[in-house]
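Computed from the coordinates by the stated procedures, all read-outs in this text should not be read as laboratory data. What you are looking at is a predicted structure, and each value in this text was computed from that prediction instead of being measured. Reconstructed Cβ throughout: ideal geometry from the backbone, glycine too, with neighbour counts over all protein chains shown.
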Amino acid sequence: MKRVKRRDTAAEVALRSALHRIGLRFRIDQKPEADLPYRADITLPRYRVAVFVDGCFWHGCDEHGTASKSNAKWWRQKIARNRARDAKATQTLRRAGWVVVRFWEHEEPQKCARKVRALIRAAS
Ligand SMILES: [Zn+2]
C-alpha cells in the first residue's frame, strides 16, 4: 500500500531532536515487526515502543483536519480510510507486544518526548 505521508516532516524532525536531547536513541521509519506491514516513524526496539506522528491533514485531526470543500466527500472517505488503517496498525502492534503512541503533528515536541520517556520508564 502506498504511504500517504512523506518522510521527515517538520514535526517528526522536531520530535526526533527532542528525544535525542533527553538521551534516547531510536530508529527512523522502520517496521517494528518485520512480518507486519506497518512502519513506525520512530521505533525504540529495546523498549518495544513505536511512535507515530500523524499529519493533521491526512489523518484528520479535529483542530486542523478540515477537508477542502471541493471533493469533500472524497476527502472524508480518504481520511476515514487512513484513520481506520492507523487504528488497525495501533491495535495489531499492541497485540504483538509493542507500546504504541501516536502524536499529532501539531503537538509540542518536548511534551511528546517527555511522554515517550514516561512510557519507557513504565515499560521497563
Ligand atoms: Zn492538528
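Summing Lys and Arg as +1 and Asp and Glu as -1 over all other residues whose Cβ lies under 13 Å from the Cβ of SER124 gives a net charge of +4.
Once the gyration tensor of the Cα atoms in the chain is diagonalised, the equivalent ellipsoid follows with semi-axes of 26, 17, 12 Å, ordered largest first. Each other residue within a Cβ distance under 13 Å of GLY65 adds +1 if Lys or Arg and -1 if Asp or Glu, for a net charge of -2. Quick check on my link table: of LYS31/LYS78; LYS31/LYS69; LYS73/LYS111, which ones sit more than 31 Å apart, alpha carbon to alpha carbon? Where the Cα-Cα span goes over 31 Å, the pairs concerned are LYS31/LYS69; LYS73/LYS111.
Pair-distance distribution of segment 57-109: all C-alpha pairs, bin width 5 Å, starting at 0; shares per bin in whole percent are 4, 19, 22, 21, 17, 10, 5, 2, 0.
Karplus-derived 3J(HN,Hα) values for segment 88-100, using 6.51 cos²θ - 1.76 cosθ + 1.60 with θ = phi - 60°, are 5, 4, 4, 4, 5, 5, 4, 5, 7, x, 9, 8, 10 Hz; glycine and proline are entered as x.
Add -39500 (n - 2.57) for each DSSP H run of 4 or more in the chain, then divide by its residues: what number comes out at 222 nm, to the nearest 500 deg cm²/dmol? Write down the numbers at each step before the final one.
On the way: 4 runs with 55 residues, N = 124.
Value at 222 nm, helices only, nearest 500: -14000 deg cm²/dmol.
Over all other residues within a Cβ to Cβ distance under 10 Å of PHE26, the charged ones net out to +3, with Lys and Arg as +1 and Asp and Glu as -1.
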